[in-house]
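Worksheet: the structure to be examined is printed underneath.
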Amino acid sequence: MGMHDEVPASAAAAAGPAAASATAGTGFGAQVAQGLQDLNQQLLASQVDLQRLAAGETANLHEVMVRLEESRIALQLALQVRNRALEAYQDVMRMQI
């Protein structure tokens, strides 16, 4: 429970008061959709970084590697959230009424 309390507070604090009021008014589905859009943008940016690295257009290899690792971790987090949600759904469907 503590983890769920901390995530919106930190996200709202980082985004500012306008985003905090917008987040409070949105549903879970909208937050998931926004999270997936953000993840997709991060993965696309990583792909562009890789293309620039392959073309020799990137001067700072360290920054590219850090962004790639951030993208990998964000993708792993999204997969784990999906797995947990699927397990919870399956548990609910197995419940006897």
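If I ask for residues that are touching a helix residue (DSSP H, G or I) at 6+ places or on another chain (Cβ under 7 Å) and either polar (S, T, N, Q) or more than 15 Å from Ala45 (Cα to Cα) (or both), which ones from the stretch 62-81 would you list?
Ser71, Ala78
Here is a list: Val64, Val81, Val92. Which entry is loosely packed, with under 10 Cβ neighbours inside 10 Å, at pLDDT 85 or above and part of a helix (DSSP H, G or I)? Please lay out each step first, then the result.
Working: Val64 fails: loosely packed, with under 10 Cβ neighbours inside 10 Å; Val81 fails: loosely packed, with under 10 Cβ neighbours inside 10 Å.
That would be Val92, the only listed residue that is loosely packed, with under 10 Cβ neighbours inside 10 Å, at pLDDT 85 or above and part of a helix (DSSP H, G or I).
Can you confirm whether the stretch 28-45 contains a residue that is at pLDDT 75 or above and surrounded by fewer than 10 Cβ atoms within 10 Å (Cβ to Cβ)?
Let us first name the residues in the stretch 28-45 that are at pLDDT 75 or above, namely 28-45.
Checking which are surrounded by fewer than 10 Cβ atoms within 10 Å (Cβ to Cβ) leaves us with 28-29.
Yes, that holds for at least one residue.
Does the stretch 49-59 contain any residue that is in a helix (DSSP H, G or I), among the basic types (Lys, Arg) and under 29 Å from Gly29 (Cα atoms)? First the steps, then the outcome.
Initial filter on the stretch 49-59 (in a helix (DSSP H, G or I)): 49-55.
Adding the requirement that they be among the basic types (Lys, Arg) leaves 52.
Narrowing further to those that are under 29 Å from Gly29 (Cα atoms): none.
No.
The values are calculated or read from the model by the stated rules, or taken from the named source; none is laboratory data. Everything quoted here is computed from the prediction, not taken from an experiment. Because the Cβ atoms are built from the backbone with ideal geometry, glycine has one as well, and the counts that use them run over all protein chains shown.
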